[in-house]
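Step one of this worksheet: look at the structure below.
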Amino acid sequence: TVFVVAENNGSNGNLKPTDVVTGKKLQQQLGRTLAETLDMEPGISQRTMGPAPARPVLRGLGGDRLLILEDGNRTGDLSASAPDHAVVIDPMSAERIEIIRGPGALLFGSNAMGGVINVIREQIPRNIPDHIHGSVSFQGETVNKGYSGNVALIFPFKPFSFRFDAGGRRGEDIS
């Protein structure tokens, strides 16, 4: 008999993550890819075939042994099975990144032995804000003459709340 004890974080019924990257720390670590953004976290490295098709590796396990979610849902990209495909999640649009290690990750699927990385974007607002909230991000690179930007706004329209976000990225050859 196997017993799994999960701690509820009270907000959405999911497991409490073992690590959370959010706020100022997320902005300071922000990279071109999800793998580059999380590369400085303990136990996380990256598998890469260049600057774009990088994928996180958690505790030495990657590929289909590491589950990457966006707002709690599977992304459906090919990055787990083919190393030349990129993860579809842009870290610039993330509000927080949750990292779940250990046996609790198996609640998300039997192949999530390495762990789970859940990128929370809050694409569908849960609450109606009192006033307009938003963020603007811009990054520039000198090695490949690339740049990227993202704008996200959440505004109230009683009894609803609306979210607008737009982002873009351009990169040239690495020199």
query: Any residue in the stretch 37-47 that is part of a loop (DSSP other than H, G, I, E, B), within 16 Å of the chain's Cα centre (by Cα) and of a type in the set (Asp, Glu)?
result: yes
message: Show me the strands (runs of 3 or more DSSP E) entirely contained within the stretch 51-118 in which 3 or more residues are under 13 Å from the mean Cα position of the chain (by Cα), crowded, with 16+ Cβ neighbours inside 10 Å and charged (D, E, K, R).
response: none
- request: Report the residue count in the stretch 150-175 for those that are modelled with pLDDT under 90, within 22 Å of the chain's Cα centre (by Cα) and among the small types (Gly, Ala, Ser).
  value: 4
- line: Selection from the stretch 23-42 of residues at pLDDT 85 or above and either among the polar types (S, T, N, Q) or open to solvent by 50 Å² or more (accessible area, probe 1.4 Å) (or both) yields Lys24, Lys25, Gln27, Gln28, Gln29, Thr33, Glu36, Thr37, Asp39, Met40, Pro42
task: Answer yes if at least one residue in the stretch 3-22 is modelled with pLDDT of 85 or more, closer than 19 Å to Gly167 by Cα and surrounded by 17 or more Cβ atoms within 10 Å (Cβ to Cβ), and no otherwise.
output: no
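Would you confirm, using the coordinates I've provided, whether Val136 is of a type in the set (Val, Ile, Thr), within 19 Å of the chain's Cα centre (by Cα), surrounded by fewer than 14 Cβ atoms within 10 Å (Cβ to Cβ) and at pLDDT 85 or above? So that I can check it myself, show each step before the final result.
Values: of a type in the set (Val, Ile, Thr): yes; within 19 Å of the chain's Cα centre (by Cα): yes; surrounded by fewer than 14 Cβ atoms within 10 Å (Cβ to Cβ): yes; at pLDDT 85 or above: yes.
Yes, satisfied.
From the residues in the stretch 139-157 that are open to solvent by 70 Å² or more (accessible area, probe 1.4 Å) and in contact with a strand residue (DSSP E or B) (Cβ under 7 Å, 6 or more places away or on another chain), which one is nearest to Glu172 (Cα to Cα)?
So in the stretch 139-157, the residues open to solvent by 70 Å² or more (accessible area, probe 1.4 Å) come out as 142-143, 145, 147, 155, 157.
Pick out the ones that are also in contact with a strand residue (DSSP E or B) (Cβ under 7 Å, 6 or more places away or on another chain) and you get 147, 155.
Numbers: Tyr147: 9, Phe155: 35 Å.
The extreme case among them is Tyr147.
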message: Return the residues of the stretch 133-152 that are in contact (Cβ under 8 Å) with a residue 12 or more places away in the chain, farther than 16 Å from Ala94 by Cβ and not acidic (Asp, Glu); say none if nothing qualifies.
response: Val143, Asn144, Lys145, Gly146, Tyr147
- request: Could you tell me which residue of the stretch 119-132 is farthest from the chain's Cα centre (by Cα), considering only residues that are at pLDDT below 85 and not β-branched (Val, Ile, Thr)?
  value: Asn127
- prompt: From the list Leu61, Leu67, which residue is modelled with pLDDT of 90 or more and either within 13 Å of Gly114 (Cβ to Cβ) or touching a Phe, Trp or Tyr at 6+ places or on another chain (Cβ under 7 Å) (or both)?
  reply: Leu67
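The values are calculated or read from the model by the stated rules, or taken from the named source; none is laboratory data. Computed from a prediction, not measured in an experiment: that's the story for all the values here. Backbone-built Cβ (ideal geometry, glycine too); neighbour counts: all protein chains shown. Ligands, DNA and RNA are excluded from the accessible area calculation, which covers all protein heavy atoms including side chains. Shrake-Rupley method; radii C 1.70, N 1.55, O 1.52, S 1.80 Å.
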